[in-house]
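Here is the structure we will look at, set down as structure tokens.
We did not get these values from a lab; they are worked out from the coordinates using the rules stated. Remember, predicted model here, so these are calculated numbers, not experimental data. No Cβ is skipped: glycine too gets one built from the backbone with ideal geometry, and neighbour counts run over all protein chains shown.
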Amino acid sequence: MADELRIDERLSIPLAEIELRTSRSSGPGGQHANVTASRVEAVFDVEASAALDESQRARLLERAGALVTAVAQDARGQSRNRELALQRLAKKIAAGLRVPRRQRATRPTRASRQRRLDQKRRAGERKRGRRRQGYENE
């Protein structure tokens, strides 16, 4: 396996910066799960990372916190859970680093304003048609 975790095309984090903890799983495996440490938790310390630049570190701290963790206990074996935990960690980090698109202020078009007014006029006519006939100011 590679010695770094690929986040996107520009960023990869050395596995030395990711702490992998194992413990007993509550997932599948029957009696096997009672004696093996197949649950894997991947922990990434954002503040101590040398792979991130300052803007990435600040964005990740704001969005995900100082420690980003991912847990996997889906599979029976520790090696598969390790892969799953690292994949989930990469997704969390990538989501935390994603820069949101700028929102542009838009205006309603002339046609949409006209449709809105026409619909309001039709609703008013419909309600006027429901009134009792012969009484003007009741």
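Scanning region 89-138 for residues that are surrounded by 10 or more Cβ atoms within 10 Å (Cβ to Cβ) and closer than 30 Å to Leu11 by Cβ yields a count of 10. For region 117-138, filtering for residues that are part of a helix (DSSP H, G or I) and not acidic (Asp, Glu) leaves 12. Taking the criterion of being more than 24 Å from Glu9 (Cβ to Cβ) and either in contact (Cβ under 8 Å) with a residue 40 or more places away in the chain or charged (D, E, K, R) (or both), the residues of region 49-88 that qualify are Gln73, Asp74, Ala75, Arg76, Gln78, Arg80, Asn81. Across region 89-116, the qualifying residues are those that are more than 17 Å from Leu60 (Cα to Cα) and part of a helix (DSSP H, G or I), and the one among them that is farthest from the chain's Cα centre (by Cα) is Gln114.
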